[in-house]
Amino acid sequence: MANLNTFAPSHQPRKSYELPTVSKKEKVVVVGAGSFGGWSALYLLRKGFQVTLIDSWGPGNSRSSSGDETRVIRSTYGANEVYFDLNVRALELWKENQLRFKKQLFCNAGVIWFCYEDKTPLVDDSIVFANKHKQSYEYLSKKEIEAKYPHVNTDDLHHAYLDAFGGYLKARESCQSVLDAFIQEGGEYIQSFVIPDKLESDRLNSISLSNGSRVNSDVFLFACGSWLGKMFPDVLSSVITCTRQEAYYFGVPPTHVKAFDTMPVWIDVDGKDFYYGIPGNANRGFKLGVDERGDSFDPNVGDRILNQQVLEKARKFIGHRFPALKNAPVLESRVCPYENSPDGNFVFDKHPNASNVVFLGGGSGHGFKHGPALGELVADVMAGERKSPEIFQLVINN
Ligand SMILES: Cc1cc2nc3c(=O)[nH]c(=O)nc-3n(C[C@H](O)[C@H](O)[C@H](O)COP(=O)(O)OP(=O)(O)OC[C@H]3O[C@@H](n4cnc5c(N)ncnc54)[C@H](O)[C@@H]3O)c2cc1C
């Protein structure tokens, strides 16, 4: 059975927990300007906090998890209602913010789930949430798939569900837009590599920057993606682990451009590796991702050269599901890091030994889309206005 962490993380109940609250007079430093840190910094700023955002290589840089061209946005999370609801809010906020930014970042292409069996809990268990939010899915029989998408091979499919509310997001571009808004709205941004200084009696008072300076703050929020585990090895080395993941952009033959570019984002629930893709992909080619966990990876020094074995698998799959793409050329490829948590849940919690250090991470291959809703949550929780969902609690099993 596939590792479901990316698609439906565990929703086992945990104890409720408290995070430090911050007064508006206090300063907050956010380290990491990816989807998690960038949106958090923006929402903390909008809440009235004094915020400094720091990133070593810039928002959506090529080493980061948020650095690809596009990311899927979908609410479906099996029986996990927390993420379903978070994504519904994220959808609202993406739409609201893209108007503010005057830039289209969300493409409402829809998301089609290819199902092999009569019952597919990963999708079926979300139907009740979709109906509750008036975002019901459309059931498509094999015949209906063939009529709507004649370029899809349905031989091994039982049916599909179409979620018309999802689609895809421009990834690295939106990180840059969030930073632009953050600066425009009065935030301070520094581009520099951060090393946390030593803790002093239960607190972190300062961090050192690669530009030679030192920054003090009342509270530090570390949203460092795949780097988090190495940054705080005594606490997080077994909690946030990094694997290399691959995505390919295939060239669609001229005869099929319209058919492919106008079809929804698709997710193939084949029960083993989980293939998914973004047909339009901001004109970069037909994107195919393989969700199978790759090898351990160092996001600082690892080369981003594609793995031939994974590519062969991807090619085999794409030729099977979309016969017109059998010999399609690879136009571009990406090697991106997954910042895995043990059960796929995000981590939003304080450092066990430092009362003013908060971690935000563990996106685990599905975090990007939640950025604005998560940022809003972070600001609300830090202002003492809301509690964080229990499943984001840090659990250390040594
Ligand atoms: C191949 C792939 C496909 C994915 N598909 C999807 C998808 O379809 N939909 C979806 O929602 N999610 C998806 N994800 C997951 C999503 O991309 C991540 O969960 C999300 O981007 C994580 O954002 P982040 O801000 O936590 O981390 P990052 O984007 O990695 O940001 C961390 C930032 O911290 C900075 N940093 C690190 N260390 C330091 C330091 N010491 N000093 C200063 N700065 C530092 C880095 O430069 C970086 O900019 C996918 C991920 C991968 C790899």
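The values are calculated or read from the model by the stated rules, or taken from the named source; none is laboratory data. This one's a predicted model, so the numbers in the text were calculated from it and none came from an experiment. Positions of Cβ are generated from backbone atoms using ideal geometry, with glycine treated the same way; all protein chains shown enter the neighbour counts. Protein only, heavy atoms only, side chains kept; ligands, DNA and RNA dropped before computing areas. Shrake-Rupley method; radii C 1.70, N 1.55, O 1.52, S 1.80 Å.
In whole percent, and with a 1.4 Å probe on the protein chains, what portion of the accessible area of the chain is carbon and sulfur?
Details: 8200 of 16440 Å².
Roughly 50 percent, rounded to a whole number.
Rolling a 1.4 Å probe across all protein chains gives VAL123 an accessible area of roughly 0 Å². Given LYS258/LYS287; LYS95/LYS369; LYS230/LYS272, which pairs have Cα atoms separated by over 21 Å? Violating the 21 Å limit, Cα to Cα: LYS230/LYS272.
Note: relative contact order over segment 31-186, using C-alpha pairs below 8 Å and six or more positions apart, is 34 percent. Note on LYS132: accessible area approximately 130 square angstrom, rounded to 10, probe 1.4 Å, nucleic acids and ligands left out. Within the assembled protein chains, the solvent-accessible surface assigned to TYR189 is about 50 Å², based on a 1.4 Å probe. Along each principal axis, taking the top coordinate minus the bottom one, the Cα set of segment 245-398 gives 58, 32, 29 Å in descending order. Rolling a 1.4 Å probe over the protein heavy atoms gives the chain an accessible area of 41 Å² per residue. Our helix-only sum for the chain, with -39,500 (n - 2.57) per DSSP H run of n ≥ 4 divided by its residues, gives a mean residue ellipticity at 222 nm of -7500 deg cm²/dmol. With contacts taken as Cα pairs under 8 Å at a separation of at least 6 residues, the chain carries a relative contact order of 27 percent.
So, R0 is 45 Å and r is the distance between the beta-carbons of LYS134 and GLN309; what FRET efficiency does that work out to, to 0.05? Mind dumping the intermediate values first?
Working: r = 44 Å, r/R0 = 0.97.
That gives a FRET efficiency of 0.55.
Segment 179-293: D in µm²/s via Stokes-Einstein (Kirkwood Rh, Cα pairs, 25 °C, 0.890 mPa s)? D = 133 µm²/s.
Among the listed pairs LYS47/LYS102; LYS25/LYS103; LYS132/LYS170, give every one whose C-alpha distance is greater than 30 Å. Before the final figure, lay out each step's value.
Details: LYS47/LYS102 22 Å; LYS25/LYS103 33 Å; LYS132/LYS170 28 Å.
Table pairs above 30 Å Cα-Cα are LYS25/LYS103.
Let me make sure I get this right: for the chain, a, b and c are the square roots of the gyration tensor eigenvalues over alpha carbons, sorted descending. Under 1.5 in a/c it's rounded, otherwise prolate if a/b > b/c, else oblate. Which is it? Because a/c hits 1.5 or more and a/b exceeds b/c, the chain counts as prolate.
For the ranges 176-186, 343-353, what's the packing order if you count other beta-carbon atoms within 10 Å of each residue, average per peptide, and put the highest first? Write down the numbers at each step before the final one.
Values: 176-186: 17.9, 343-353: 20.7.
Result, highest mean Cβ count within 10 Å first: 343-353, 176-186.
Taken as entire DSSP H runs, the helices of the chain that both span 18 Å or more between Cα atoms along their own long axis and average -0.5 or more on the Kyte-Doolittle scale are 81-101, 171-184. With the gyration tensor restricted to C-alpha atoms of segment 126-203, the semi-axes of the equivalent ellipsoid amount to 46, 18, 16 Å, longest first. In summary, the aspartates and glutamates within cross-link reach of LYS313, defined as a Cα separation below 20 angstrom excluding same-chain residues under 8 places away, comprise ASP155, ASP156, GLU246, ASP268, ASP270, ASP273, ASP291, GLU292, ASP295, GLU332.
For segment 293-385, applying the loop criterion from DSSP together with a ceiling of 11 other beta carbons within 10 Å to the GluC sites (Glu not before Pro) yields GLU385.
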